[in-house]
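Asker: Quick one: the structure is below, questions incoming.
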Amino acid sequence: MANVGQIIVRYILFILLGIFVYIIYDSLFPLVPIGKSKFAFSLTPVPFKASIGVVIIIGVWIYMLPAKRLEVGRKSVLVTGCDSGFGHALAIYLDLLGFHVFAGCLFKDGEGAKELRNMCSERLTILQFDVTSQIQVDNALEEVNNKLKGELWGLVNNAGILHTSEFELTPTSVMEQTMEINCLGPMRVTKAFLPLIRNSKGRIVNVASIAGRVCVGLHTVYAASKAGVELFSDGLRQEMVKWGVNVSIIEPAGFKTTLFSEKALESMYKSVKENMTPTVKKDYGEAYMKSFQDSLMSLSKMPKKYLPEDISPVIDSIYDALLSTQPKPRYTIGTGKWFMLFIGNCLPTKIGDRFLLKLAPKTLLPAALFNQNKNKDV
């Protein structure tokens, strides 16, 4: 739901739009002098011009008003990645609203799944769900199909992982895992459950990231996986029009979930350190790696204004995508979202890169480059 600030901004935009429309209209029908009179008279009466502007403003206002929401009724939704983060919170929220929730968890008997069992109603069903395993996807499909008899209203592809490091330092196993979970996972799950979604003319919601549209250094592999989700969703949305199925993309700009916990970040650093080849280890050097470690760990302490802990805007967006009578193709949420999109999509690439380099986690110069510069000075 839009807050007061968003509503005020929206109305200001409407007023500015009205002024703009009037200026354009007045340029097309300027004041034209009649006869020899020193006074100019408009061929088109001012009230008529004003009425045109008012009609357009009202039309745009009606179009931009929050769409009506469908009743929850007996609708069912499958959410992947419910062990923690967005998926965990979403499963609880949807259950509270009255949905029949199928919560896919990587660990069916893990802490996250136990919390869901304790906090949610009997409507919620925990599924053992590894999105990289076709066997587990098929088993989940069979269980959902048996309970719903062929119809599923919503599918939320939320499962995902984050890895932060330069591409050259990213272990091949991590690259493959990231693409498998973040990109191929939603495809695999969607392909399996699509007949159930088509039968209900329901909704598919894919959780991508603003990184899928604008890449900041040290997130290259992650950004590539989310860019795949973006394009997959775009193509699927077009293909599903004939079936009456809506496809929406959720693009968080950065929220503090377990992906940014100290434990997760330490694990990232450890995987990088243990998988470096001798050549790469020598070229980057200990000083660089120490600065990389410090920069990585600082993400867990990032101020809330840059990395909010309140994930409710993401949950609200997914809820809207599931029940709005006019779901948006994209929901971009988070601090600095429009600034990031402007830098990445509007500025010339070389200029945009300069800004994005300043936003990337800071590290020292690799040893090989440092030594080259040192020799030049000598």
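Coordinate-derived values only; no laboratory data. Given the structure is predicted, the values throughout are model-derived calculations rather than measurements. Note that each Cβ is placed from the backbone with ideal geometry, even for glycine, and that neighbours are counted across all protein chains shown.
Asker: Assuming a ≥ b ≥ c are the square roots of the Cα gyration tensor eigenvalues, decide whether segment 196-268 counts as rounded (a/c under 1.5), prolate (otherwise, with a/b larger than b/c) or oblate.
Answerer: It comes out prolate by the Cα gyration axes.
Asker: Given 179, 144, 167, which one lies farthest toward the positive end of the charge dipole of segment 106-206, if we put +1 on the Cβ of every Lys and Arg and -1 on the Cβ of every Asp and Glu?
Answerer: My answer, from the dipole projection, is 144.
Asker: I would also like to ask the following. Could you sort 190-203, 279-292 so that the peptide with the highest average Cβ count within 10 Å comes first and the rest follow in order?
Answerer: Taking the mean over residues of other Cβ atoms within 10 Å, the ranking is 190-203, 279-292.
Asker: Got a sec? Which residues in segment 85-103 would a label at residue 143 touch, if it sits 7 Å along Cα→Cβ and we count backbone N under 20 Å?
Answerer: 85-96, 99-103
Asker: Scan segment 121-177 for GluC sites (Glu not before Pro) in coil per DSSP, keeping those whose Cβ has at most 12 other Cβ atoms within 10 Å, and list them by number.
Answerer: Passing sites in segment 121-177 are 122.
Asker: Moving on to the next point. Sticking with the crude label model, points 7 Å out along Cα→Cβ, report the distance from residue 353 to residue 262 in nm, one decimal please.
Answerer: 3.7
Asker: When we measure straight from the Cα of residue 147, which lysines land under 23 angstrom away, once same-chain ones fewer than 8 places off are left out?
Answerer: 75, 108, 114, 191, 201
Asker: OK, next. Can you bin segment 102-250 into rounded, prolate or oblate? Criterion: square roots of the alpha carbon gyration tensor eigenvalues sorted a ≥ b ≥ c, rounded for a/c under 1.5, prolate for a/b above b/c, oblate for the rest.
Answerer: Oblate.
Asker: Turning to a different aspect of this structure: Which aspartates and glutamates have a Cα lying under 19 Å from the Cα of residue 301, excluding residues fewer than 8 positions away in the same chain?
Answerer: Candidates past the 8-residue exclusion: 262, 266, 309, 310.
Asker: Once the Cβ-Cβ distance between residue 241 and residue 68 is put in as r, and R0 is 25 Å, what FRET efficiency do you end up with, to the nearest 0.05?
Answerer: Once rounded, the FRET efficiency stands at 0.75.
Asker: So how far apart, in nm, are the two label points at residue 365 and residue 201 if each is 7 Å from Cα heading toward Cβ?
Answerer: That separation, rounded to one decimal, is 6.4 nm.
Asker: Let me ask another. To the nearest 0.05, how large is the calculated FRET efficiency for residue 325 and residue 97 if R₀ is 25 Å and r is the Cβ-Cβ distance?
Answerer: Approximately 0.90, to the nearest 0.05.
Asker: Another question about this same structure. Give me the distance in nm between label points sitting 7 Å out from Cα along the Cα-to-Cβ direction at residue 132 and residue 309, one decimal.
Answerer: Once both label points are built, they end up 3.1 nm from each other.
Asker: Within a Cβ distance under 11 Å of residue 102, other residues only, what is the Lys/Arg minus Asp/Glu net charge?
Answerer: With Lys, Arg at +1 and Asp, Glu at -1, the neighbours total 0.
Asker: Give 226/358; 305/337; 68/328 a once-over and call out the pairs whose C-alpha atoms are over 18 Å from each other.
Answerer: 226/358
Asker: Sticking with this one: For segment 76-359, what does the alpha-carbon gyration tensor say about shape, rounded, prolate or oblate, given a ≥ b ≥ c as the root eigenvalues, a/c under 1.5 as rounded, and a/b over b/c as prolate?
Answerer: Prolate, because a/c is 1.5 or more and a/b exceeds b/c.
Asker: Among 296, 189, 347, whose Cα projects farthest towards the positive end of the dipole of segment 76-359, with charges put on the beta-carbon of Lys, Arg (+1) and Asp, Glu (-1)?
Answerer: 347
Asker: Then there's this: Rounded to the nearest 0.05, what FRET efficiency do residue 372 and residue 294 give with R0 = 22 Å and r taken as the Cβ-Cβ distance? Could you check?
Answerer: For residue 372 and residue 294, the calculated efficiency is 0.40.
Asker: Quick check: Cα centre of segment 121-161 to Cα centre of segment 219-280, how many Å?
Answerer: Using only Cα atoms, the two centres lie 21 Å from each other.
Asker: Also, quick follow-up: What chymotrypsin sites (Phe, Trp or Tyr not before Pro) in segment 66-150 are in a loop by DSSP, with at most 14 other Cβ atoms within 10 Å of the Cβ?
Answerer: For chymotrypsin sites (Phe, Trp or Tyr not before Pro) across segment 66-150 that sit outside H, G, I, E and B with at most 14 neighbouring Cβ atoms in 10 Å, the list reads 107.
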